[in-house]
Amino acid sequence: MKHKITLIEGDGTGPELVDAMKRCVESTGVNIEWDVQEAGADVIEKYKTPLPDKVIGSIKKNKVAIKGPITTPLGSGFRSVNVALRHKLDLFACVRPCKYYAGAQSLLKNPENVDIIIIRENTEDLYAGIEFEEGSEKARKIIGEIAQLSEKQIKPDSGISIKPISLSGSKRIANFAFNYAVQHSRKKVTAVTKSNIMKFSDGLFQSVAESESKNFPAIEFEHKLIDNMCMQLVQKPELYDVLVLPNLYGDIISDLCAGLVGGLGVAPGANIGDKYAVFEATHGSAPKYKGMNKVNPAALILSAVMMLSHINENEAAKKLEMAVADVIKEGTHVTYDLKPFGDDSAVGTKEMAGAIIKKMK
Ligand code: NAD
């Protein structure tokens, strides 16, 4: 069976990582026709936008996409293409497995016990993109309005970012997390918020997760505050199984958990909605390494493993994941981040992908 999949190279180190991933996926023997689409900072001049409509059209048609990272320049006018894709396609669940592969450089004593699935709500919270710039007329109006509605006052020279968390949004992500736990034979779901402080946003998320847990009696449920969770994850990560979090905490905890298992080079991910799925690594475009054939392709290749499972190419997914695991375990043909500090025998992106392909053969 032939699969048509949208492929977005991204920018920064994106194109070299996508090339490595594509070679590995093609070597599994799965029949894929790539529908290559352009997005990101590099195409603004050509299309007058970093996210041309035809990219969205292609994903809507093919239902599945895989992408390299896309830069969001700090302080620039344009908003994140990655966030826009998630919003436009309603990819409400971000799934990020953090699993230790033997050979990866973890600081933990027993990293082999870490196998955490992060389920991050992807469309609400401070990522809703509702912001008012300090000094603007709209910010002045909002501050005035809030002065009428609340006993608390906002300083007039404030910038404002809105944090909406809805009942329906919380219910569907909690439901997704519990269903994921059931389908993947997981035992526990931990909801993580700061509900003691943000009672009407995080508090809502917590109480919805709690009531959703009643529909899944076979899965243990607990709630933890985000600050405590950070310490728990560093000290006792083996206690955690599936985490479900609002958008911003999910983003931050994803990188923390990636750090536990050896870094962003081994942290894959997927953005899933009811109709479409877009696969991408947790890491960004690492622009300082652009074009240097240096960064680790494993995170994007493992994202492709998730994609292959999603399209029911389970044998190919297994074969590719085993090859990645073997190459990391051997530790010879791996990139700099998978070598002990001070060891300068690392290979490049292309060569590591080549070793993974050789393993599959
Ligand atoms: P980053 O993830 O790009 O890189 C941070 C550091 O992590 C790098 O300097 C590098 O040391 C390491 N790293 C990242 N990817 C690696 C890999 N594959 N192999 C080995 N080491 C790796 O984070 P950043 O520097 O904060 O962000 C750069 C840009 O990427 C920003 O514009 C940001 O907005 C964007 N970004 C995009 C996405 C996405 O496309 N989904 C996600 C996060 C950040």
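Sorted by accessible area (1.4 Å probe), largest first, how do Met306, Met198, Met229 line up?
Details: Met306 40, Met198 60, Met229 0 Å².
Sorted descending by solvent-accessible area, the residues read Met198, Met306, Met229.
Applying a 10 Å radius around every beta-carbon, put 56-69, 308-321 in order of their mean neighbour count, most first.
Values: 56-69: 20.3, 308-321: 17.7.
The peptides rank, most packed first, as 56-69, 308-321.
By the scheme Lys and Arg +1, Asp and Glu -1, what is the net charge of all other residues having a beta-carbon under 14 Å from that of Leu320? All intermediate terms of the calculation are to be shown ahead of the outcome.
Numbers: positive: Lys22, Arg23, Lys318, Lys319, Lys358, Lys359, Lys361; negative: Glu26, Glu313, Glu315, Glu321, Asp326.
Every neighbour counted, the sum reads +2.
Given N residues in segment 39-191, what is its alpha carbon radius of gyration divided by 2.2 N^0.38 Å?
Working: Rg = 20.2 Å, N = 153, 2.2 N^0.38 = 14.9 Å.
Cα Rg divided by the expected 2.2 N^0.38 Å: 1.36.
Using modelled amide H (1.01 Å from N, peptide plane; none on Pro or chain starts), what sits under 5 Å from the amide H of Asp35, excluding residues fewer than 5 places away?
Close amide H contacts, sequence-distant or interchain: Ile5, Thr6, Leu7.
Dipole magnitude of the chain about its Cα centre, charges +1 at Lys/Arg Cβ and -1 at Asp/Glu Cβ only, in debye to the nearest 20? Each step should come with its number before you reach the end.
Details: 46 positive and 45 negative charges, 117 e Å.
It comes to approximately 560 debye.
Could you please state how large a percent of the accessible area of segment 212-297 is carbon and sulfur, counting protein chains only and using a 1.4 Å probe? Write out the running numbers ahead of the final one.
Working: 1910 of 3430 Å².
Carbon and sulfur atoms account for 56 percent of the accessible area of segment 212-297.
Taking H as built 1.01 Å from N, whose amide H comes closer than 5 Å to the amide H of Gly68, not counting residues under 5 places away?
Ile8, Glu9, Gly10
Taking the chain as the reference, fit the longest principal axis to its C-alpha atoms, fit the long axis of helix 314-330 to the helix C-alpha atoms, and give the angle between the two in degrees, 0 to 90, nearest 10.
Relative to the chain, helix 314-330 is tipped by roughly 80 degrees.
Would you rank Thr49, Thr332 by solvent-accessible area, highest first, keeping every protein chain in place and using a 1.4 Å probe? Working shown, then result.
Numbers: Thr49 45, Thr332 75 Å².
From most accessible down to least: Thr332, Thr49.
If you bin the C-alpha pair distances of the chain every 20 Å from 0, what whole percents do you get?
Computed distribution, short to long bins: 28, 57, 14, 0.
On a 0 to 90° scale, report how tilted helix 137-149 is relative to the longest principal axis of the chain, with both axes built from alpha carbons and the result rounded to the nearest 10.
Once rounded, one gets 60 degrees.
Run the lone-cysteine check on the chain: no other Cys C-beta under 4.7 Å from the residue's C-beta.
Within the chain, the cysteines lacking a partner Cβ under 4.7 Å are Cys24, Cys94, Cys230.
Taking only protein heavy atoms and a 1.4 Å probe, what accessible area per residue, in Å², does segment 1-80 have with all protein chains in place? Spell out each step's value before the answer.
Values: 3710 Å² over 80 residues.
Here the per-residue accessible area is 46 Å².
Taking the 0 to 90 degree range and rounding to the nearest ten, how far is the long axis of helix 202-213 tilted relative to the main principal axis of the chain, both from C-alpha atoms?
Orientation of helix 202-213: about 60 degrees from the principal axis.
Would you be so kind as to identify which of Leu302, Thr332, Leu320 lies farthest towards the positive end of the dipole of segment 264-361, taking Lys and Arg as +1 and Asp and Glu as -1 on Cβ and the Cα centre as origin?
The one lying farthest along the dipole's positive direction is Thr332.
Among 342-355, 81-94, 139-152, 5-18, how do they line up from the highest to the lowest mean number of other beta-carbon atoms within 10 Å? Write out the running numbers ahead of the final one.
Working: 342-355: 16.8, 81-94: 20.9, 139-152: 11.4, 5-18: 23.6.
Packing order, densest peptide first, comes out as 5-18, 81-94, 342-355, 139-152.
When Rg is the radius of gyration of the Cα atoms in segment 266-361 and Rh is its Kirkwood radius, what does Rg/Rh come to?
Working: Rg = 14.0 Å, Rh = 14.1 Å.
Reported Rg/Rh, Kirkwood definition of Rh: 1.00.
Quick one: accessible area per residue over segment 202-361, 1.4 Å probe, rounded to a whole number of Å²? Numbers along the way, then the final one.
Working: 6880 Å² over 160 residues.
Per-residue value: 43 Å².
List the residues, sorted by chain then number, that are 5 or more residues from Cys98 or on another chain and whose placed amide H is less than 5 Å from its amide H.
Ile116, Ile117, Ile118
The values are calculated or read from the model by the stated rules, or taken from the named source; none is laboratory data. This structure is a prediction, so every number in the text was calculated from the model and none was measured. Every residue, glycine as well, gets a Cβ built from its backbone with ideal geometry; the counts of neighbours run over all protein chains shown. Note: areas computed on protein heavy atoms with side chains; ligands, DNA, RNA excluded. Shrake-Rupley method; radii C 1.70, N 1.55, O 1.52, S 1.80 Å.
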